[in-house]
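I have placed the structure first, in the form of structure tokens, so that the comments after it can refer back to it.
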Amino acid sequence: MFSALLILIIGAFPGLAPSKTQNGTGDNDPGNGAVITLPGDQQTEPTPLPFGNEFESSGVLIQNVYNQSIKKLDSGEVLFADNTQFSFAYLPQTDEFIITILETPVDGIIHTAEATFVRTLAISHTEACKLKVSVGVPYFVDDSRAGKRLSLSFCE
Amino acid sequence: MPLFQKPLLILSIIIFAFVAGGLVSHATLAQPTAPGGSIVKSICDEGTGFCSTSYLDRSFSDKFDNAYARICHAESTGNPFLVNDVCISGVSPEYNVGLFQINLLINPWSTSTTPQTLRQAIAIAGYDPTNTTCANAFTLVGSKCFVADQKLLDICVNWFTQPLNNVEFAKILFSRGDWQQWRSSDLCIVTN
């Protein structure tokens with residue numbers, strides 16, 4: 001009886017159960033018992049992907065990153081480089097490249113990543129500067145460098 | 001004291017503790033406010049692509065004043081594939097996935113709140129979705145995690161690397177006031 005009351009009370013205070021950080025563990029049921037249905041639960045149409053050896057991005061002919069795909073998502077995004085130091089992703093919806101730095105020292109890794117990026121796409125620095133490229137450092141890599149959206153360093 | 005009153009006393013203490021705890025919890029979640037103004041601090045840029053406001057505005061309301069776009073960018077740089085598996089090495093009890101770096105060790109926080117398509121994926125793979133969530137893919141010893149079920153982990157990682165899934169799940173956390181789920185919110189909170 002008492003246990004049942006306790007369970008009811010815990011269920012009545014949803015703000016108390018969930019962890020406030022992602023550092024803990026636990027089955028923190030908010031208490032409503034409802035299955036969450038997300039708008040994303042609907043299936044989306046697959047995006048047509050570029051084929052052939054090359055395709056055009058921002059007016060620049062680049063190597064087809066889908067031929068170097070490490071992982072593709074249903075919505076067409078492709079991961080075409082991924083190692084301990086950096087990763088490259090291409091987002092077809094916005095025709096945009098994301099370079100993510102994954103290791104310190106950040107400045108040194110950025111230069112390595114940029115050199116690999118232009119080599120992978122088989123383009124010049126001038127051409128690379130025409131592309132939509134965002135270079136970023138996640139918070140877990142370096143909190144002092146996180147939150148900044150950088151462009152390719154040689155484009156400035 | 002009569003025996004039948006004891007449970008009532010204990011019950012009262014528990015209720016008081018929870019209410020008090022809830023108040024403290026709420027205070028912790030309140031955003032810092034600059035004297036005389038609503039903007040506190042933000043060294044974070046709004047992201048591009050999936051962390052742009054134009055993409056995220058489909059999911060988030062204006063009341064967050066684009067803080068979600070800044071947090072998204074600070075967490076993942078807008079890279080939906082990003083996985084930070086620091087629990088494997090024991091650095092921290094986190095296995096963070098995707099745009100908002102959702103920690104699979106604690107999310108979804110229960111089987112009953114697992115999103116429907118994730119439940120379906122779990123069920124199709126042969127698991128009982130009423131008894132299985134992403135945390136079941138791990139064995140956690142202190143801060144160190146061991147992958148106990150690679151198949152289940154793959155299902156969860158695949159689900160949370162889909163941008164729309166990740167964003168919509170993050171929205172649920174935001175709507176519950178769980179800003180502190182993101183340590184980058186210290187940098188990127190922009191309104192009270």
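The values are calculated or read from the model by the stated rules, or taken from the named source; none is laboratory data. Computed from a predicted structure; not experimentally measured. Here the Cβ positions follow ideal geometry from the backbone for every residue, glycine too, while neighbour counts run over all protein chains shown.
What's the total number of residues in the stretch A:73-101 that are out of contact with any Ser or Thr (no Cβ under 8 Å at 6 or more places or on another chain) and surrounded by fewer than 16 Cβ atoms within 10 Å (Cβ to Cβ)?
Summing the residues that are out of contact with any Ser or Thr (no Cβ under 8 Å at 6 or more places or on another chain) and surrounded by fewer than 16 Cβ atoms within 10 Å (Cβ to Cβ) in the stretch A:73-101 gives 2.
Regarding A:S134, is this residue outside any loop (DSSP other than H, G, I, E, B), of a type in the set (S, T, Y) and at the interface with chain B (Cβ under 8 Å from one of its Cβ atoms)?
Yes.
Which condition number in (1) of a type in the set (D, E, K, R); (2) closer than 25 Å to B:C51 by Cα; (3) touching a residue at least 24 places away in the same chain (Cβ under 8 Å) is the one that B:R183 fails?
(3)
In the stretch A:57-93, which residues are touching a Phe, Trp or Tyr at 6+ places or on another chain (Cβ under 8 Å), in a loop (DSSP other than H, G, I, E, B) and within 16 Å of B:G47 (Cβ to Cβ)?
Hit for the stretch A:57-93 is A:E77, nothing else.
Count, please, the residues in the stretch B:175-186 that happen to be at pLDDT below 85 and either part of a loop (DSSP other than H, G, I, E, B) or not charged (D, E, K, R) (or both).
Within the stretch B:175-186, residues that are at pLDDT below 85 and either part of a loop (DSSP other than H, G, I, E, B) or not charged (D, E, K, R) (or both) number 7.
Mind checking which residues of the stretch A:120-150 are under 27 Å from B:V91 (Cα atoms), of a type in the set (G, A, S) and surrounded by fewer than 18 Cβ atoms within 10 Å (Cβ to Cβ)?
Once the filter is applied, which keeps residues that are under 27 Å from B:V91 (Cα atoms), of a type in the set (G, A, S) and surrounded by fewer than 18 Cβ atoms within 10 Å (Cβ to Cβ), the stretch A:120-150 yields only A:S144.
State the number of residues belonging to the stretch B:114-144 that are in contact (Cβ under 8 Å) with a residue 40 or more places away in the chain, more than 18 Å from B:P93 (Cα to Cα) and of a type outside the set (A, V, I, L, M, F, W, C).
Of the residues in the stretch B:114-144, 2 are in contact (Cβ under 8 Å) with a residue 40 or more places away in the chain, more than 18 Å from B:P93 (Cα to Cα) and of a type outside the set (A, V, I, L, M, F, W, C).
Only one of B:I88, B:I124 is among the β-branched types (V, I, T) and within 19 Å of B:F146 (Cβ to Cβ); which?
Just one listed residue meets the conditions, B:I88.
Look at the stretch B:120-171 and say how many of its residues are closer than 29 Å to B:G47 by Cβ and basic (K, R).
Within the stretch B:120-171, residues that are closer than 29 Å to B:G47 by Cβ and basic (K, R) number 1.
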